[in-house]
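Remarks on the structure that follows.
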Amino acid sequence: MGPRGSASPYGGGYAQPWSWSSPTPGRGGGTGPAYGVGAPATVRPAASSSGASTVLAVLGALVGLALLVAAVVGVVHWLRGRDASGGPTPSSSTTRLATTVSAPVPTRTPTAAPSGTLAPTRAPSTTARPTAAPPGGPASTYSPTVRPTRPPQPDRRDIDKVLQENPLYGTAVTPVSCRLPSVELESLSDDQMQVYLDDLVSCLMAAWGPEMDALGYSLSHPSVILYRGTIMTPCRKSPDPGKVWAWYCSADMQIYYPLDNGTRGWGSTRYLGPDVIAHEFGHHVQHESGILAADSVRISEAGSAADELRWIRRVELQANCFAGLFMQAVVAPDPLTAKEKQATVDFEGGAADSPDHGSAAHMASWLRAGFEANGHVFACNTFTTSDSEVA
């Protein structure tokens with residue numbers, strides 16, 4: 001049953017299922033509901049016609065009332081049966097319609113992969129990348145490297161600042177522990193020469209790398225490319241054999257070392273190899289810090305060949321000073337002795353004067369400045385000194 005006063009789902013409203021009037025006075029109480037037609041009644045002959053008519057009317061009323069009561073009782077029992085079986089009731093249907101909420105759509109919960117199941121991965125390549133053999137040199141000495149991104153070119157308004165006030169001048173090279181073995185270059189095979197020079201470059205990276213990284217410069221690791229005769233490079237055709245000991249190409253940021261450069265006649269030494277390679281690595285530092293690019297602009301703007309050479313000498317003599325910084329920075333396990341440092345300075349001072357590298361005296365003096373700077377790069381600022389100091 002629903003709440004009182006609720007409307008019937010079957011049509012009309014009602015207060016009680018049925019009503020009937022009390023029996024005729026003097027005839028006894030009314031009969032209970034009947035669910036069918038009862039047994040026929042025994043009727044006595046009427047004493048008179050009016051009495052018989054009255055009896056028949058009363059009997060008809062009783063039969064009609066009984067049928068009505070039976071019908072009402074049947075309906076009541078039917079409604080009670082629906083309530084007991086969960087069927088709709090007059091009071092519940094409206095409430096259900098108002099409060100019905102759609103059931104949520106079930107979602108699939110991700111489950112972990114079964115134990116022992118591996119996600120597919122790309123199989124590692126077992127094919128070695130082919131390497132090009134160096135022109136005129138042993139195949140085992142040269143593995144090409146991807147050319148690093150070239151540093152941004154300086155704004156023309158900042159060229160003097162890059163050259164004269166470079167952040168590099170506020171740093172000092174890192175003391176390093178590297179072996180500087182005494183070697184007789186003439187006795188080294190090509191492969192041994194490659195290992196010896198590669199070790200020097202690794203030591204140079206250890207000395208310069210930390211400070212360059214701290215400044216935000218990306219110091220790439222250059223390779224040393226051995227060759228004989230002449231080769232073409234991204235910069236130019238290599239100089240004629242015997243004209244240079246080594247050289248740096250800023251286009252691919254590599255150091256080129258001709259095996260027929262005459263250095264194999266130097267005998268046993270600990271300092272000449274580092275001096276040569278550290279000078280070329282100094283150009284690499286200049287490139288990565290923007291100094292080479294800024295100096296190139298000044299060279300292109302020079303009004304005469306003499307002015308061009310002055311700008312070139314400032315770069316070359318600074319690289320000499322950088323070489324001194326590095327050799328002084330090797331503090332273990334076997335640093336250069338004072339005698340060996342002086343021998344290196346004397347070697348530079350014994351060279352012939354050069355229009356693009358400076359006089360022998362200045363090549364020696366800037367190398368010495370690097371030795372005596374205690375690692376501080378500001379001692380190598382050749383761009384704030386007078387022209388007479390870089391002649």
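The values are calculated or read from the model by the stated rules, or taken from the named source; none is laboratory data. Owing to the predicted nature of the structure, the values given are computational and were not obtained by experimental measurement. Every residue, glycine as well, gets a Cβ built from its backbone with ideal geometry; the counts of neighbours run over all protein chains shown.
Scanning region 257-297 for residues that are of a type in the set (Phe, Trp, Tyr), more than 18 Å from Asp191 (Cα to Cα) and outside any helix (DSSP H, G or I) yields Trp266, Tyr271.
A Cβ distance below 6 Å, combined with a sequence gap of six or more or placement on separate chains, defines the contacts here; from region 201-216, residues that are free of Cβ contacts under 8 Å to residues at least 40 places away in the same chain reach residues that are outside any helix (DSSP H, G or I) in the pairs Met205/His221; Ala206/Val176; Gly209/Leu219; Pro210/Thr174.
Residues that are surrounded by fewer than 22 Cβ atoms within 10 Å (Cβ to Cβ) and over 23 Å from Thr337 (Cβ atoms) within region 361-391 comprise Ala361, Phe378, Asn381, Phe383, Thr384, Thr385, Ser386, Asp387, Ser388, Glu389, Ala391, listed in sequence order.
No other residue among Ala132, Ala128 is modelled with pLDDT under 55, out of contact with any helix residue (DSSP H, G or I) (no Cβ under 9 Å at 6 or more places or on another chain) and exposed (fewer than 12 other Cβ atoms within 10 Å of the Cβ) apart from Ala128.
Scan region 241-256 residue by residue and report those that are of a type outside the set (S, T, N, Q) and part of a loop (DSSP other than H, G, I, E, B).
Restricting attention to region 241-256, the residues satisfying the condition of being of a type outside the set (S, T, N, Q) are 241-249, 251-253, 255-256.
Of everything in region 241-256, those that are of a type outside the set (S, T, N, Q) and part of a loop (DSSP other than H, G, I, E, B) turn out to be Pro241, Gly242, Lys243, Val244, Trp245, Ala246, Ala251, Asp252, Met253.
Restricting attention to region 157-197, the residues being polar (S, T, N, Q), within 35 Å of the chain's Cα centre (by Cα) and farther than 30 Å from Ile299 by Cβ number 2. Pairs linking a residue in region 349-372 that is assigned to a strand (DSSP E or B) to a residue that is among the basic types (Lys, Arg) and modelled with pLDDT of 95 or more, with Cβ atoms under 6 Å and 6 or more positions apart or on different chains, are Gly358/Arg313. Report, by residue number, each residue of region 283-316 that is in contact with a helix residue (DSSP H, G or I) (Cβ under 7 Å, 6 or more places away or on another chain) and either of a type in the set (S, T, N, Q) or closer than 17 Å to Val345 by Cα (or both). Selection gives Gln286, Ser289.
Would you confirm whether or not region 376-385 contains a residue that is β-branched (Val, Ile, Thr) and over 46 Å from the mean Cα position of the chain (by Cα)? Scanning region 376-385 turns up no residue that is β-branched (Val, Ile, Thr) and over 46 Å from the mean Cα position of the chain (by Cα).
If the condition is being among the aliphatic types (A, V, I, L, M), farther than 27 Å from Gly290 by Cβ and outside any helix (DSSP H, G or I), then region 169-219 contributes Leu180, Val183, Leu188.
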